[in-house]
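One structure is given here, and the rest of the page talks about it.
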Amino acid sequence: MKEHKQSILGGNTVSYTASHWGLYQVESPMSPNMTLSHYPDDHDPSPIGLYLNHPQVEKLRVTKPAIRRGWYEQYYGGKGSPRGGDDYIEVEWEEALNIVAAELTRVKTTYGNQAIYGGSYGWSSSGRFHHAQSQIHRFLNSFGGYVRHKDSYSLGAAGPLMHWLVMPMGELMTSHTDWATLAKHTEIFLSFGGAPRKNAQVSYGGTVDHRLHDSLCTMNKAGVRFINISPVQDDIDTEGSVTWLPIKPNTDTALILGLAYTLWQNKLHDMQFIQRYCVGFDVFEKYLTGQSDGIPKTAQWAADITGINVCDIESLAFDIANHRTMVNMAWALQRAHHGEQPCFALVTLAAMLGQIGLPGGGFGFCYGAENLVGSPNPLFFGPTLEQGQPPIDHFIPVARVVDMLLNPGETFTYQGETHTYQDIRMVYWAGGNPFHHHQNLSQLAQAWQRPETIITHEQYWTPSAKMADIVLPVTTTLERNDIFYANRETVMAAMKQAKSPTGEAKDDYSIFSELAKRLNIAEQFTRGLDAQGWLAYLYTNWQEQMEREYRLDLPDFNAFWENDLLELPKGDKPLVLLENFRKDPGKYPLKTPSGKIEIFSQSIADFNLPDCPGFACWLPPHEWLGSKKAVQFPLHMISDQPKNKLHSQLDHSPHSQKDKINQREPIYINAEDAAMRGLQFGDLVRVFNQRGSCLASAVPSDNIRQGVVRLSTGAWFDPLTPRFQDGQFLLEKHGNPNALTADIPASSFSQGCSAQTCLVEVQRWQGESYAVTAYEQPNIVAKSSEDDG
Ligand SMILES: Nc1nc2c(c(=O)[nH]1)N[C@H]1C(S)=C(S)[C@@H](COP(=O)(O)OP(=O)(O)OC[C@H]3O[C@@H](n4cnc5c(=O)[nH]c(N)nc54)[C@H](O)[C@@H]3O)O[C@H]1N2
Ligand SMILES: Nc1nc2c(c(=O)[nH]1)N[C@H]1C(S)=C(S)[C@@H](COP(=O)(O)OP(=O)(O)OC[C@H]3O[C@@H](n4cnc5c(=O)[nH]c(N)nc54)[C@H](O)[C@@H]3O)O[C@H]1N2
Ligand SMILES: [Mo]
């Protein structure tokens, strides 16, 4: 067990809490002087979590159950107003819970469980028990089921795809070659989309040691050459030189085809590797050489599409063939129209180089997306709350939520199968912010008028809370006990309550337990346990399983809880992705249909989908810098992950606020593009396209390719008019890129989110400088005697 870190500081103890940004120390827990500080062993701690309890953050807490006036009036037989911009009536918990239980019962008996959408996508908070999605899914399964979601916004195309090509995405994420092996063996680190330090602040569940920055610097000192192919220059920081090839967004597949062609033309591809470990190269080769479509995918062909110089492409192909090369690719590339293609291309290129399974060679997907990737520590499993067996089997691919709400009864395809959208009457959300994460938010606002009831559990008055009918206030991580565990970390921690709940906030678990009592499913849902009982149960199950499978001698729950930190074994040998497969493909076959790497997937080809043919090919996205639409909207907008927060979480904290300019999110624009538009640092601009518009503050920069702008996600959605009528044009005041993105699936294969495919124009804003109102609470009124009559 880790040395007991509990210490006496001015008479007060230290405990721990965790967030997706890391483990933090809590000094003086449960006292008015409670403060958060970095975990001392973390080499590159993230400041994001230090603000969890800041007064500016607390100011926006939901403190009491609140019901939207229009819905409340309708519930009691009145006419009621639509969603968006409405008042909220605060009610007692008893009334709120009775109403939610009655609504759940009404919807279930009138329409059936398939009328409830409980997908509830979102990152919520870290902690193994109070994981909002697991809680809501377990609850709704106990209640007879719900329409769920599959996959994520993170990996909407790659998630459904990678298991056909090489290995399931989840396994791939946790089995990358470790950083030290890269420093020792890699000669060239070629990355499509960098390896951003800002993104590696985050790791699902948390981390005790942020490794990316030190690791990249070590590789740099070891002499690794870095080549970054990206529309932005600064998404990889090695404290040394990095060659930047500024590519047109969404054209990486064409570039990789140009590299592949150059390898093929010069016989630099490893046919022995391809023959022993892959299937389908012959089909791809016909396409590559133009035998099947008349177009050889030469370096010149790729240069014309990507904007990268032909000599650079050719010399890069020679370089990567003649050196130990790690080819890395950001997930952002597949969050795009035809997002499957860069995934195919990545695997194909790495297979042609023949270094998969060798130390320091092969591919990464993705170093930099999360801190987990490249961890040298052993992979175990964590304590997990079972969500229960789904009693009904309806689902949507997660990003198809608007299509589902607007088109009940219509069909969609997914991995070659056809399914039907259910007729949704109730949406129940806990732990996500759809008015942050979804594309084309004005369309979502319209689709959001369709269901009869929308319920959300929230900590803060987020844009999604303000679009819900019933808002139930929930605790933050600091206000409850939980267990921190994350993959390939060396410490597990007791996350101890650090402060009392604000207002009347309750845990998601206790809300669902109260509802379960009213719905006669308490025994199934709670198993008679309170939250602390569950922690002991989850831990003990885990401890026994770990002892059985890994022969580890672990403390019992009470000892773990008392001691705060539990040390898990560190990695002591190099990890190499697909090493065993390379050593013996017969003994260690892949989980693909052929057991080998599928450069061409016959299974996917048999689905007959024109937008996903089954091998790496260049399919132009619906809009990009080479398309006709670029005449009207000449800038490609990248909406990447924000550096000062996790998605929309804590956008209201001073840490996020300090980077806003005149209240708005900065939009980075190439200095020449800015000059052409007469824009200077800090100018208020309108970013627009045919779908919507938003205000932002211009930041001219040489770190971004011409023709590209970067507007990070996370600024709380702040429409000028909160109630959208059909056809009304959106003006968003704060700089939320999803005011502009298209809600178009990556393809009919995956139906993934395609946020990175988006053209816009930017102009100086001459109109009124509307104040940002995203951080204002809705108008909250106390209940009057007329309200329920
Ligand atoms: N344009 C564009 N859009 C994107 C992306 C992009 O690259 N570009 N990226 C996409 C990606 S990869 C993702 S993962 C999504 C992220 O989208 P989300 O995961 O929906 O975003 P978050 O802001 O993390 O939302 C989590 C919400 O849960 C609440 N919460 C936190 N803890 C708890 C809890 O314990 N209980 C309850 N009930 N609530 C809690 C928080 O207050 C917050 O409102 O966004 C996607 N959207
Ligand atoms: N601080 C912070 N970290 C996070 C998150 C967060 O919200 N905040 N979110 C986490 C989550 S949920 C996820 S899924 C991961 C996402 O990880 P990613 O999807 O990899 O992250 P992004 O920041 O969207 O994009 C990474 C880089 O790809 C580049 N890029 C974009 N489009 C293209 C393209 O067409 N071609 C090329 N070559 N490059 C391109 C962008 O310039 C950007 O620098 O990040 C995680 N990390
Ligand atoms: Mo994500």
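The values are calculated or read from the model by the stated rules, or taken from the named source; none is laboratory data. As the structure is a computational prediction, the values presented were derived from the model and not from experiment. Using ideal geometry, Cβ is built from the backbone for each residue, glycine included, and neighbour counts are taken over all protein chains shown. Note: areas computed on protein heavy atoms with side chains; ligands, DNA, RNA excluded. Shrake-Rupley method; radii C 1.70, N 1.55, O 1.52, S 1.80 Å.
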Full extension between ASN266 and HIS54 adds, at 0.36 nm per residue less the Cα distance, a length in nm of 70.3 nm
Note on the chain, DSSP bridge orientation, antiparallel percent to nearest 5 equals 50
In cubic angstrom per residue, the convex hull of the chain built on its Cα atoms measures 159
Among segment 211-237, those whose backbone N falls under 13 Å of a label point 7 Å along Cα→Cβ from HIS43 are 211-222
In nanometres, the difference between 0.36 nm per residue of separation and the alpha-carbon distance of GLN300 and ASP87 is 70.7 nm
Taking 151-162, 237-248 and ranking on average Cβ neighbours within 10 Å, highest first, one gets 151-162, 237-248
Segment 118-158 and segment 668-734 have their Cα centres apart by a whole-number Å value of 32
At 37 °C and 0.692 mPa s, the Stokes-Einstein diffusion coefficient in µm²/s for segment 558-621, with hydrodynamic radius from the Kirkwood sum on alpha carbon pairs, is 201
The Kirkwood hydrodynamic radius of segment 500-564, taken as the inverse of the mean 1/r over all distinct Cα pairs, in Å, comes to 13.9
With all protein chains in place and a 1.4 Å probe, TYR770 shows an accessible area in Å² (nearest 10) of 60
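When you count, for each residue, the other Cβ atoms within 10 Å and take the mean per peptide, how do 18-27, 667-676, 410-419 rank with the highest first? Present the calculation step by step, with values, prior to reporting the outcome.
Numbers: 18-27: 25.5, 667-676: 19.4, 410-419: 14.1.
So the order, starting with the most tightly packed, is 18-27, 667-676, 410-419.
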Trypsin sites (Lys or Arg not before Pro) in segment 595-689 lying in a DSSP loop, each with at most 12 other Cβ atoms within 10 Å of its Cβ, come to LYS658
Distance in nm between MET676 and LYS591 label points, each 7 Å along Cα→Cβ, equals 4.7
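Could you work out what % of the accessible surface of segment 467-565 is carbon and sulfur, using a 1.4 angstrom probe and leaving DNA, RNA and ligands out of the count?
Values: 1560 of 3690 Å².
Answer for segment 467-565 is 42 percent, counting heavy atoms of protein chains only.
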So, with points 7 Å from each Cα along the Cβ direction, the ASN558-ASP572 label distance in nm works out to 3.2
Once amide hydrogens are built 1.01 Å from N within the peptide plane, the residues lying 5 or more places from GLY362 or on another chain with amide H under 5 Å from its amide H are THR325, VAL327, GLN355, ILE356
Once amide hydrogens are built 1.01 Å from N within the peptide plane, the residues lying 5 or more places from THR757 or on another chain with amide H under 5 Å from its amide H are HIS337
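Using packing as a proxy for protection, rank 166-172, 547-553, 323-329, 268-274 so that the peptide with the highest average count of other Cβ atoms within 10 Å comes first. Intermediate values should be presented prior to the final figure.
Details: 166-172: 19.0, 547-553: 10.1, 323-329: 24.6, 268-274: 17.3.
Ranked from most to least packed, the peptides come out as 323-329, 166-172, 268-274, 547-553.
Compute the signed sum of charges (Lys and Arg +1, Asp and Glu -1) over the other residues within less than 9 Å, Cβ to Cβ, of ILE396.
Details: positive: ARG148, LYS150, ARG400; negative: ASP403.
Charge balance near ILE396 sits at +2.
When the dipole is taken about the Cα centre of the chain, and only Lys, Arg (+1) and Asp, Glu (-1) are charged at their Cβ, what size is it in debye, to the nearest 20? All intermediate terms of the calculation are to be shown ahead of the outcome.
Numbers: 65 positive and 86 negative charges, 148 e Å.
It works out to roughly 720 debye.
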On the formula 1/(1 + (r/R0)^6), with r taken between the Cβ atoms of GLN632 and VAL310 and R0 of 30 Å, the FRET efficiency rounded to 0.05 is 0.55
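Could you tally the net charge around GLU562, taking each other residue with its Cβ under 11 Å from the Cβ of GLU562, Lys/Arg +1 and Asp/Glu -1?
Working: positive: LYS496; negative: ASP556, ASP564.
It works out to a net charge of -1.
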Given the candidates THR384, PRO296, ALA771, the one whose Cα lies deepest towards the positive end of the charge dipole of the chain, counting +1 at each Lys or Arg C-beta and -1 at each Asp or Glu C-beta, is PRO296
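Give a quick list of trypsin sites (Lys or Arg not before Pro) in segment 42-116 that DSSP marks as loop, anything other than H, G, I, E or B, with at most 11 other Cβ atoms within 10 Å.
Details: sites: LYS59, ARG61, ARG68, ARG69, LYS79, ARG83, ARG106, LYS108; in loops: LYS59, LYS79, ARG83.
Those satisfying the criteria are LYS79.
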For segment 398-447 the mean separation of alpha carbon contacts under 8 Å (6+ apart) over residue count, i.e. relative contact order in percent, is 34
P(r) of segment 685-789 over all Cα-Cα pairs, 5 Å bins starting at 0, rounded to whole percent, reads 2, 10, 17, 19, 16, 12, 8, 6, 4, 3, 1, 1, 0
Reported to the nearest 10 Å², HIS338 has, with a 1.4 Å probe, an accessible area equal to 20
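Once fully extended, how much extra length lies between ARG276 and LYS517, figured as 0.36 nm per residue of separation less the alpha-carbon to alpha-carbon distance? Working shown, then result.
Working: separation 241, 0.36 × 241 = 86.76 nm, distance 5.93 nm.
Answer, rounded to one decimal: 80.8 nm.
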With all protein chains in place and a 1.4 Å probe, THR63 shows an accessible area in Å² (nearest 10) of 60
In nm, the gap between the two label points placed 7 Å beyond Cα toward Cβ at THR721 and LEU529 is 5.1
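Under a Cβ-Cβ cut-off of 12 Å, what is the net charge of the residues other than MET30 that fall near it, where Lys and Arg count +1 and Asp and Glu count -1?
Numbers: positive: LYS496, LYS499; negative: GLU27, GLU479.
So the environment of MET30 carries a net charge of 0.
Where the only charges are on Cβ atoms (+1 Lys, Arg; -1 Asp, Glu), what is the dipole of segment 628-764 about its Cα centre, to the nearest 20 debye?
On the way: 15 positive and 13 negative charges, 14 e Å.
I would put it at about 60 debye.
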With x for Gly and Pro, the residue-by-residue ³J(HN,Hα) of segment 358-365, computed from phi through the Karplus equation 6.51 cos²θ - 1.76 cosθ + 1.60 at θ = phi - 60° and given in whole Hz, is 9, x, x, x, x, 9, x, 8
For segment 14-59, the percent of all C-alpha pairs falling in each 5 Å bin, from 0 up to the bin holding the max distance, is 5, 23, 31, 25, 12, 3, 0
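Assuming R0 = 35 Å, can you tell me the calculated FRET efficiency for the pair GLU95 and GLU386, based on Cβ-Cβ distance, to the nearest 0.05? Each step should come with its number before you reach the end.
Values: r = 32 Å, r/R0 = 0.90.
Working from the Cβ atoms, E equals 0.65.
Which FRET efficiency value, to the nearest 0.05, is calculated for SER175 and ASP584 with the Förster distance at 22 angstrom and r the Cβ-Cβ distance?
On the way: r = 17 Å, r/R0 = 0.76.
Approximately 0.85, to the nearest 0.05.
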With the label point 7 Å along the Cα-to-beta-carbon line of GLU417 and a cut-off under 16 Å to each amide N, the hits in segment 735-767 are 749-751
For SER230, the residues 5 or more places away or on another chain with a placed amide H closer than 5 Å to its own amide H are GLY193, LEU245, ILE247
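If you average the sequence gap of Cα pairs under 8 Å that are 6 or more apart and divide by the length of the chain, what percent do you get for the contact order?
Computed over the chain, the figure is 21 percent.
Rule-of-thumb check for segment 628-764: C-alpha Rg over 2.2 N^0.38 Å? Please list the in-between numbers first.
On the way: Rg = 14.6 Å, N = 137, 2.2 N^0.38 = 14.3 Å.
Dividing the Cα Rg of segment 628-764 by 2.2 N^0.38 Å gives 1.02.
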